[in-house]
Amino acid sequence: MNKPLVSIIIPAYNRAHLIGETLDSLIGQTYSNWECIIVDDNSSDKTEETIKLYKEKDNRFKLILKSKEDKKGASVSRNIGLKIAKGDYIQFLDSDDILAANKLEEQIQLVSNEDEFVISTCKWRRFDHISEALKLNENNPDYRNFDSAKEYFDLIGLHGGFFPSHSFLMNKKLITFSGYWNESLTMNDDGEFFFRVLSNCSKIIFAGNTYVLYRNNVSGENLSLLQTTEKAYSLVNSWKIIESLYHTKYGDSDSTFLNKKKQGIYFGIKREFPKVIRENKVFFKQQIKNDTVSLKLVKLKKRIFHKLKIIFKK
């Protein structure tokens, strides 16, 4: 088998208590031709010291320390990693997630004889502790091959679905063609990035014999939570970019995929961040219309119910 180099890129910030499990999952890979670039975002705990211990044991680990002047954020860190990556293939990995021991080997076998724009994904599950019993969901509708990204987006529109970023393995040339991570986004930067990559891929190959583990929220820390108005704006902006790219690529003016995602965002932010909805009313035009109709129906039902109560009391 051809054994191309895989560059594994890990952004890290204050993960001294967890990153060891992540790096152990790399040392345990059955596929050995990899390098791991860990970009530390000025951690204030012992993340740097922990990584250095792994570097001493295995020279495939490389540590990059961001300067105080560097922009913070995982997307910036990933882009730094991409610029120095020597591998033909790229594996993104967060500093608290896990790869199955055969993950790289299984996917390399599938993609190495395909064209450079093929991407592979695999099974996955959420977890809290590495020691817990492993039970994978075998029946996800997106657990299959797709001849095009459009076919995948259509399925997601109908059934929902999600692949975490570390489930993918892709050729670096596909990323170069699609563009690096958008450093201006603080929310859904992964969704926007992988939409671009997927929309440019030639096909998606599912690796059914391997998996990744995606760690649940740790100690109340979750960068994906909508905690600020800035993040709400960023979430909306990410989907404005995706919508524009989708229409340019596919010309589908009534996409179930986009409508379902926009509906979820609308109801997710309208109560806490109404200003964001007001300032993006054109983007949310259909969702606002649907919501207005629903509210009118609720009010009408209440009036009818009230009148019926009066009638039956008589």
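Using the structure shown, list the pairs from LYS52/LYS123; LYS231/LYS285; LYS71/LYS123; LYS55/LYS86; LYS3/LYS103 with a Cα-Cα distance above 26 Å, or answer none. Result: LYS52/LYS123; LYS71/LYS123 exceed 26 Å. Rounded to the nearest whole Hz, the Karplus-based 3J(HN,Hα) values (6.51 cos²θ - 1.76 cosθ + 1.60, θ = phi - 60°) of the range 190-206 follow the sequence 5, x, 5, 4, 6, 5, 4, 4, 5, 5, 9, 6, 7, 6, 10, 9, 8, with x at glycine and proline. Rounded to the nearest 20, the Cβ-based charge dipole of the chain about its Cα centre (Lys and Arg +1, Asp and Glu -1) stands at 2480 debye. Under unit Cβ charges (Lys, Arg +1; Asp, Glu -1), what dipole magnitude, rounded to 20 debye, does the range 40-113 have relative to its Cα centre? Value, rounded to 20: 320 debye.
Over all directions, how big on average is the projection of the convex hull of the alpha-carbon atoms in the range 229-297, in square nanometres?
That works out to 4.6 nm², a quarter of the Cα hull's surface.
Given +1 at the Cβ of Lys and Arg, -1 at the Cβ of Asp and Glu and no other charges, the dipole of the range 229-297 around its Cα centre is 180 debye to the nearest 20. Taking the longest Cα principal axis of the chain as reference, the axis of helix 149-159 is set at about 50 degrees.
Take each peptide in 96-109, 24-37, count the other Cβ atoms within 10 Å of every residue, and average; sorted highest first, the result is 96-109, 24-37.
Extending 7 Å from the Cα toward the beta-carbon at both ASP291 and GLU138 defines two label points whose distance is 4.2 nm.
Between amide H atoms placed 1.01 Å from N, distances below 5 Å from ARG215 occur with ILE98, PHE127, all of them 5 or more places distant or on a separate chain. FRET efficiency for the LYS240 to GLU116 pair, using the beta carbon distance and R₀ = 25 Å, is estimated at 0.25. In order along the range 80-93, the phi-based Karplus estimate (6.51 cos²θ - 1.76 cosθ + 1.60, θ = phi - 60°) of 3J(HN,Hα) comes to 4, x, 4, 5, 10, 5, 9, x, 6, 10, 10, 10, 7, 8 Hz; Gly and Pro are listed as x. By how many degrees, between 0 and 90 and to the nearest 10, does the Cα long axis of helix 256-269 differ from the longest principal axis of the chain? Its long axis makes an angle of about 80 degrees. When the charge dipole of the range 229-297 is built from unit charges on Cβ atoms (+1 for Lys and Arg, -1 for Asp and Glu) and taken about the Cα centre, the candidate among GLN263, ASN280, THR292 whose Cα reaches farthest toward its positive end is THR292. Fraction of C-alpha pairs exceeding 28 angstrom in the chain: 46 percent, rounded to a whole number. Which one of SER44, ASN33, PHE163 is farthest out on the positive end of the charge dipole of the range 6-215, using unit charges on Cβ (Lys, Arg +1; Asp, Glu -1) and the Cα centre as origin? Among SER44, ASN33, PHE163, the one farthest towards the positive end of the dipole of the range 6-215 is SER44.
Of all beta bridges that DSSP places with both ends in the range 6-215, some 20 percent have antiparallel geometry. Rg/Rh, computed from the Cα trace of the range 62-103 with Rh as the Kirkwood radius, has the value 1.00. Database remark: amide H of CYS122 closer than 5 angstrom to the amide H of ALA207 (H placed geometrically; neighbours at sequence offset of 5 or more, or on other chains; Pro and chain starts carry no H).
Placing unit charges on the Cβ atoms of the charged side chains and taking the dipole of the chain about its Cα centre, the candidate lying farthest along the positive direction among ILE90, ILE19, SER178 is SER178.
What angle do you read, to the nearest 10 degrees and between 0 and 90, between the alpha-carbon axis of helix 229-250 and the longest principal axis of the chain? Between the helix axis and the principal axis of the chain, the angle is about 90 degrees. Here the peptides 8-17, 115-124 are ranked by packing, the mean other Cβ count within 10 Å, and the order with the highest first is 8-17, 115-124. Here's how it looks for TRP34: its modeled amide H is under 5 Å from those of VAL6, which are all 5 or more places away or on a different chain.
FYI, it's all coordinate maths here, none of it is from the lab. Quantities reported herein were computed from a predicted structural model and do not represent experimental measurements. Methodologically, a virtual Cβ is constructed for each residue, glycine included, from the backbone with ideal geometry; neighbour enumeration extends over all protein chains shown.
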